[in-house]
1. Among the residues of segment 262-295, which ones are buried (at least 21 other Cβ atoms within 10 Å of the Cβ) and of a type in the set (A, V, I, L, M)?
2. When segment 457-481 is examined, which residues are found to be exposed (fewer than 14 other Cβ atoms within 10 Å of the Cβ) and either touching a residue at least 40 places away in the same chain (Cβ under 8 Å) or within 16 Å of the ligand (Cβ to nearest atom) (or both)?
3. With within 16 Å of the ligand (Cβ to nearest atom) and of a type in the set (Ser, Thr, Tyr) as the only criterion, which of Thr428, Thr401, Thr452, Thr435 stands out?
4. May I ask you to list the residues in segment 54-76 that are surrounded by fewer than 14 Cβ atoms within 10 Å (Cβ to Cβ) and not hydrophobic (A, V, I, L, M, F, W, C)?
5. Going by what's in this entry, would Leu11 be described as assigned by TED's automatic domain parsing to the domain that holds Ile138, at pLDDT below 95, touching a Pro at 6+ places or on another chain (Cβ under 8 Å) and not polar (S, T, N, Q)?
6. Does Val102 fit the bill of being within 24 Å of Leu33 (Cβ to Cβ) and at pLDDT 95 or above?
7. Could you pull out the residue among Ile376, Ile392, Ile388, Ile413 that is among the aliphatic types (A, V, I, L, M) and within 16 Å of the ligand (Cβ to nearest atom)?
8. For segment 296-324, how many residues are within 12 Å of the ligand (Cβ to nearest atom) and either surrounded by 21 or more Cβ atoms within 10 Å (Cβ to Cβ) or not in a helix (DSSP H, G or I) (or both)?
Amino acid sequence: MKTKLLLILTLGTCACGLHAKDYLISTPNTSLLITATPGEKSKFQYYGSRISEQDIQGVYDSGLVFGVESYPVFGLNTPGERAMAVAHPDGNMSLDLVVEQVYQYVSDEAEVTEVCMKDKVYPFVLKQLFKAYKGTDIISTWVEVENTGKKPVTLYRFASAFLPVPRGDNWMTHFHGFWGAEHTMDEEKLTNGQKVISNKDGLANTETDNPSFMLTMDGKPQEEHGNVFGGTLAWTGTYLIKMDVRNTKFNISAGINEETAHYILDAKKKFVTPEFAMTYSTTGKGGVSRAFHRWARAYKLNQGNVPHDILLNSWEGVYFNVNQQGMDDMMKAFSAMGGELFVMDDGWFGNKYPRNNSTSSLGDWEVCKEKLPEGIEGLLKSAKKYNIKFGIWIEPEMANTKSELFEKHPDWIMRIKNRPLSTGRGKTQVVLDLTNPEVQDFVFGVVDNLMTKYPEIAYMKWDDNSSLMDYGSSYLPKDRQSHIYIDYHRGLNNVLKRIRAKYPKLVLQACAGGGGRVNYGMLPYFDEFWTSDDTDALQRIYMQWGVSSFYPAVAMASHVSADKNHQTGRRLPLKFRFDVAMSGRLGMEIQPKDMSEADKAFAKRAITAYKGIRPVVQFGDLYRLVSPYDHKGISSLMYVTPGKERAVFYAYKISHFLNMVIPNVRMAGLDPQKKYRITDLTAVKTDKPCALDGKIISGRMLMNEGVALHTLLASEYSSVALELREVK
Ligand code: DGJ
């Protein structure tokens, strides 16, 4: 894949003002500097805004260089945190790594720097990689280790990244959550000590904290100002991100959570850690988000630059009560509203044990003849009739104890010998042992069989509603049980790679009981993710704000659901629900039969409007304007096209008091020289759009002074969705 063409930088021969041992790794707006001299420790010197080769001396002279090991290891004169700890076959627990060589080359997607190190005494080599993705401001780093000896080595600690940070008024932004409240943003000043975000779920690692964070260098985080570091671990298993903060120094370490997961590396084998991706913004948190969104669309989402369809998902409309007529009715109604894709959720499979609730059938991926006598063919026929695409729900990593799969393959389940089996959802759900290649074949087969029989299936929602409960595999040998957390995900990756190789265009949604798998370990195989099972538009404003920090709108499934909302019981106007859902990948999760004709007509207009602004929302640059976490009574954000000729602006009233203060909202990201015509996208009465509709205002005015919203957002749960188009 890589084209190793550029140069092997022979130390001491570089021109252009570089120190002989300096390796400058740059993106358009950031730079990372390491030094590496054969026989010595590799050093991390600088990470921040872009510098040129001529600036390097200045970085040294101004005392900005860190001068710390780029990958500190345990054992020799090593008090404090370390990136790696191992035990050699003779029991020695130390490493002493020095640089052998450095390679720099250009691949299809990046400029790569490899710092090759080896132990001075033991047969152990480590390669530290830095990858600067082309056309983005993201640099990722990870390590690959190889046991070049004859006996196994045990890895006890194996961080992907170990990075020094300038100590100052450092604040951390992270994204905590739980089922139904994923991606809730927390911001705090870091004081001396350690701050850890981590997860031990085993399968879905983002329902506690997302493995992403931002760090400021100089005070409280701001949207468009200040220097902010942003980082994310591209791994979907257990992880550990640790901030080690002292008065005089500050290190971040990030990687797989090694607790109860030490790994035995056999002779001649390699171990590769997940990528840790980072950016450095001088334009606040907004700069971090935009850098990650561009990177995600270009490299870390399947088909990240393809527009996403507007879909109706059957779950909240019928739950498990799937049948041919019901699905046909939903497709017909949704198609009439302008919908493009229908997704049949849970409840369609199982014959010996039909899937009528969560207590049975996972694993028996045959269409339930009782519920769907015409089979998937009948559903595809309906979809064709209504000129709509068809998608289907699966949860292929799972079984229920009440299933034919469990009866046939009890050994395929994660369980501990001589102990009772733990069960999850429906008190019968269990997890398949994906460390086992036979099970991997079965899971691949779930998708492959459906796609072979029904190639017209356009979309699959891949769910996971369980944690890794019992830490036991009948496939792994007894001295390798500690590999489960890692080998499960390697198995899952194998399956997903095979699916992608065979079905690159199949749209896959990553779901884990909502937003439990929103991470860059999972997303490269998926086109989008289910943000949360909580579809309450008010709570979604908070969650989607958090999601938007690292993940782009094109991938963020955001659905209009019933009034009253099934999760919170809240009642919200349909316009508000649409205005929120239209700021992500718009969809619906509702029973159309329960909608009034007026609501259907409104939905149709909103869907048409979304089709018009889809490229702006799904591929534009995000500017967050007023945070719901700032308690200003409103929240506002906008998307702007790269050429700044189009934008979409949203504002929501999120608390309501008589005569309350409603701030003017200053827009961002526009061209001050351009003039923009404003259009109300979702007026409830077409002949009564909001007062801004039709107005032509300069970008300068909109950004410097903003728009007044006190009359537009006067009533409870009022909202606006406005399009801005350049007027020549
Ligand atoms: C959990 C998902 O998040 C829901 O959207 C739905 O697909 C259910 N599982 C189905 O069991």
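1. Ala277, Met278, Val288, Ala291
2. Of everything in segment 457-481, just one residue is exposed (fewer than 14 other Cβ atoms within 10 Å of the Cβ) and either touching a residue at least 40 places away in the same chain (Cβ under 8 Å) or within 16 Å of the ligand (Cβ to nearest atom) (or both), namely Asp479.
3. Thr428
4. Passing the criteria: Gln54, Gln57, Gly58, Asp61, Ser62, Gly63, Gly67.
5. Working: assigned by TED's automatic domain parsing to the domain that holds Ile138: yes; at pLDDT below 95: yes; touching a Pro at 6+ places or on another chain (Cβ under 8 Å): yes; not polar (S, T, N, Q): yes.
Answer is yes for this residue.
6. yes
7. Numbers: Ile376 fails: within 16 Å of the ligand (Cβ to nearest atom); Ile388 fails: within 16 Å of the ligand (Cβ to nearest atom); Ile413 fails: within 16 Å of the ligand (Cβ to nearest atom).
On inspection, the qualifying residue turns out to be Ile392.
8. Residues meeting the conditions: 7.
The values are calculated or read from the model by the stated rules, or taken from the named source; none is laboratory data. The model shown is predicted, which means the values in this text are computed figures rather than measured ones. Please note: Cβ atoms are built from the backbone with ideal geometry, for glycine as well, and neighbour counts cover all protein chains shown.
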